[in-house]
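Accompanying notes for the structure given below.
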Amino acid sequence: MGMIHVAVLTYVRPLEEIDREMAAHAAWLDKGYADGTFIASGRRVPRNGGVILCRGDSVEAIRLLMREDPFQRLGLATLELIPFDASRAADALRELF
């Protein structure tokens, strides 16, 4: 199927600081969607971070991309990157892989 990476962001600064950089973060996300790297993204519940589903061939490439996120560059969130090799998917998702 293909390599998927789950990027789990955890905020380490107050939400006021996060919100000030949200437009820049959204613009960065737009680039990832435009080039086909990002599959889905959104806020964690409760709002203590976010999750981005990425596709890519290497953990290193995704890690480099994640460093460009304003939340990472400004030290607003930590990152846990969880790669997994998707061996099965619902029919509606197969095209993504």
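Residues in the range 46-55: is at least one without any contact (Cβ under 8 Å) to a residue 60 or more places away in the chain and in a helix (DSSP H, G or I)? No: the range 46-55 contains no residue that is without any contact (Cβ under 8 Å) to a residue 60 or more places away in the chain and in a helix (DSSP H, G or I).
Please verify whether the range 73-80 includes one or more residues that are over 21 Å from Glu95 (Cβ atoms), surrounded by fewer than 12 Cβ atoms within 10 Å (Cβ to Cβ) and in contact with a strand residue (DSSP E or B) (Cβ under 7 Å, 6 or more places away or on another chain). Yes, there is a match, as at least one residue in the range 73-80 is over 21 Å from Glu95 (Cβ atoms), surrounded by fewer than 12 Cβ atoms within 10 Å (Cβ to Cβ) and in contact with a strand residue (DSSP E or B) (Cβ under 7 Å, 6 or more places away or on another chain). Checked against (1) surrounded by fewer than 15 Cβ atoms within 10 Å (Cβ to Cβ); (2) touching a Lys or Arg at 6+ places or on another chain (Cβ under 9 Å), Gly50 passes all but condition (1).
Does any residue of the range 22-43 turn out to be among the charged types (D, E, K, R), within 17 Å of Leu79 (Cβ to Cβ) and assigned to a loop (DSSP other than H, G, I, E, B)? Within the range 22-43 (the criterion being among the charged types (D, E, K, R), within 17 Å of Leu79 (Cβ to Cβ) and assigned to a loop (DSSP other than H, G, I, E, B)), the answer is no, since none of the residues qualifies. Can you run down the residue pairs with Cβ atoms below 9 Å, 6 or more apart or on separate chains, where the first is in the range 69-97 and assigned to a strand (DSSP E or B) and at pLDDT 95 or above and the partner is surrounded by 10 or more Cβ atoms within 10 Å (Cβ to Cβ) and among the aromatic types (Phe, Trp, Tyr)? Hits for this filter: Ala77/Tyr11; Ala77/Phe71; Thr78/Tyr11; Leu79/Phe71. Considering the conditions (1) within 27 Å of Arg94 (Cβ to Cβ); (2) in contact (Cβ under 8 Å) with a residue 24 or more places away in the chain, Arg13 is excluded by exactly one of them, (1).
If the condition is being among the charged types (D, E, K, R) and touching a helix residue (DSSP H, G or I) at 6+ places or on another chain (Cβ under 9 Å), then the range 32-59 contributes Arg47, Arg55.
Say whether the condition of being touching a residue at least 24 places away in the same chain (Cβ under 8 Å) and touching a Cys at 6+ places or on another chain (Cβ under 8 Å) is met by at least one residue in the range 23-38. Yes - at least one qualifying residue is present in the range 23-38. The condition of being surrounded by 12 or more Cβ atoms within 10 Å (Cβ to Cβ) and touching a Leu at 6+ places or on another chain (Cβ under 9 Å) holds for only one of Ala86, Ala61, Ala40, that being Ala86.
Within the range 9-16, identify whether any single residue is within 12 Å of Leu81 (Cα to Cα) and at pLDDT 95 or above, and answer yes or no. Break it down into steps so the answer makes sense when it comes.
Step one: filter the range 9-16 for residues within 12 Å of Leu81 (Cα to Cα), giving 9-10.
Narrowing the set further to residues that are at pLDDT 95 or above leaves 9-10.
Yes; the residues of the range 9-16 include at least one that is within 12 Å of Leu81 (Cα to Cα) and at pLDDT 95 or above.
The values are calculated or read from the model by the stated rules, or taken from the named source; none is laboratory data. Source: prediction; values computed, not measured. A quick note on method: Cβ atoms are made from the backbone with ideal geometry, for glycine too, and the neighbour counts reach across all protein chains shown.
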